[in-house]
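Coordinate-derived values only; no laboratory data. Since the structure is predicted, the reported quantities are computational estimates derived from the model, not experimental observations. Cβ placement follows ideal geometry from the backbone for every residue including glycine, while neighbour counts extend to all protein chains displayed.
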Amino acid sequence: MAVGMQGILPTAGVGGTLPRRQRRPGTRPAEDNFVFPLAVRRAGWLLVVLTVAAVAWAARSVHGEQDHVTAWVLTSAVFALPGLWLTWLAGSRVAPSDRPVWRLWYLGFCFSVVGTTALLALSGRDWDWARAVWITCVGLSILSYGAGNTVIMRSRAGRRAMAPDVLDLTTVSVAVTVPVALLVGEAVVTAEDAWFAICWSVITIALVHGVACAAVLAARIRPEDRGLAWLAVALASAALVESAGQVALALDDFRAPSTALLAWHALACGLGSIFVIHAVRQPSV
C-alpha cells in the first residue's frame, strides 16, 4: 500500500477549468482553481525526485523479508505524515459535491497508515498480530478507496445507473487477472511467505480495477479537465507495478535485492502526494 497500498488508489475526478477564450464570466482562472499554490506543487515534484534518489541509495543493502518490510514502512512514513494533513486539507477545499469522495479516500489512506504502522510497531514483539492488523487494514482500505471511486464514477456519469460501469470494469478486471491467477496462483498460496504474497495479490487485483476506473474517467470528462485524471492513471499504474513486484519478491523468498522495488515504492507514494497537491476546487465535467 503505498502508503500502505498506495493505495488502491484514487481514480480521477476533480479537475480543470475552461480555456481562457471559453471561460464564462465569474469562472476562476486556471491557477486559482488549484487548492494548493504553484510553489507548493513545484516543491512537491522536487521532493519526490529527491526522495526517490535517496531511497534508492539508502536501500542498496536491503535483503530479506524483515529488512524489506522495515525499509518499505519507513519509506511510506516519509509520505504518510505530511500526506495525512494534505489530504484532509484538500478534501476540505474542493467543491462540496466532491468532498464525500475525498473523505472516503482519506479514510482508505488512514487504514493504510494504521496497517503499515502496525508492521513496524509490532514486528519485534508480536509478528502474528502485526500481520493480522495489516491484512485487516488492507481489506478496509480497499473498501474505502473502492467506495470513493464508485461515488466519483457515478458523479461524473451524471448520476446515471452504475450497473453498466460496474459490469464493464468487473469484466476488464476478470479478463486481466484470471489468466495471471491461473499461472501463478498455486505458487502464491504455497509460498513460504504466503501471507505477504496473497495480500499483495489481492492489492494487485484491486489496482487493476483502479487503473480501469481512472482510465474510464479520463476518457469520459472533457479534455481540458483531464490533467488530474491522467495523473490518477499514472498513480494507479505505478502502484500496480509495485504490487506486482511485491508478489514477485515474495515468490522469490525475498532473495532478490530490494533496491529497485523500494525506489519504485517511493515513486508510487510520491505520485500519491502529487495527486493530492494538484487537487482543484471545481469538479470536472
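Order by neighbour count: Thr171, Thr51, Thr75, fewest other Cβ atoms within 10 Å first, most last. If you can, show how the numbers build up before the last one.
Values: Thr171 11, Thr51 19, Thr75 25.
So the ranking, lowest neighbour count to highest, is Thr171, Thr51, Thr75.
Ranking request for peptides 198-211, 33-46: highest mean number of other beta-carbon atoms within 10 Å first, then the rest in descending order.
Details: 198-211: 24.0, 33-46: 14.2.
Ranking the peptides 198-211, 33-46 by packing returns 198-211, 33-46.
Would you mind checking which residues have amide H under 5 Å from Val280's amide H? H placed 1.01 Å from N; only 5 or more apart, or other chain.
Amide H to amide H, under 5 Å and 5 or more residues apart or across chains, Val280 pairs with Val35.
Among 98-110, 245-257, what's the highest-first ranking by average C-beta atoms within 10 angstrom per residue? Can you show the working numbers first?
On the way: 98-110: 22.2, 245-257: 17.4.
Peptide ranking by packing, descending: 98-110, 245-257.
If I take every Cα pair under 8 Å that is 6 or more residues apart in the range 187-285, average their sequence separation and divide by the length, what percent do I get for the relative contact order?
Numbers: 89 pairs, mean separation 36.4, N = 99.
That works out to 37 percent.
Divide, for the range 212-270, the radius of gyration over alpha carbons by 2.2 N^0.38 Å, where N is the residue count.
Working: Rg = 14.8 Å, N = 59, 2.2 N^0.38 = 10.4 Å.
Ratio of Cα Rg to 2.2 N^0.38 Å: 1.42.
If you take the Cα Rg of the range 59-198 and divide it by 2.2 N^0.38 Å, with N the number of residues, what do you get?
Working: Rg = 18.2 Å, N = 140, 2.2 N^0.38 = 14.4 Å.
Rg over 2.2 N^0.38 Å, computed on Cα atoms: 1.27.
From the backbone phi of the range 264-270, what are the Karplus-calculated ³J(HN,Hα) couplings (6.51 cos²θ - 1.76 cosθ + 1.60, θ = phi - 60°) in whole Hz, Gly and Pro given as x?
5, 4, 4, 5, 4, 4, x
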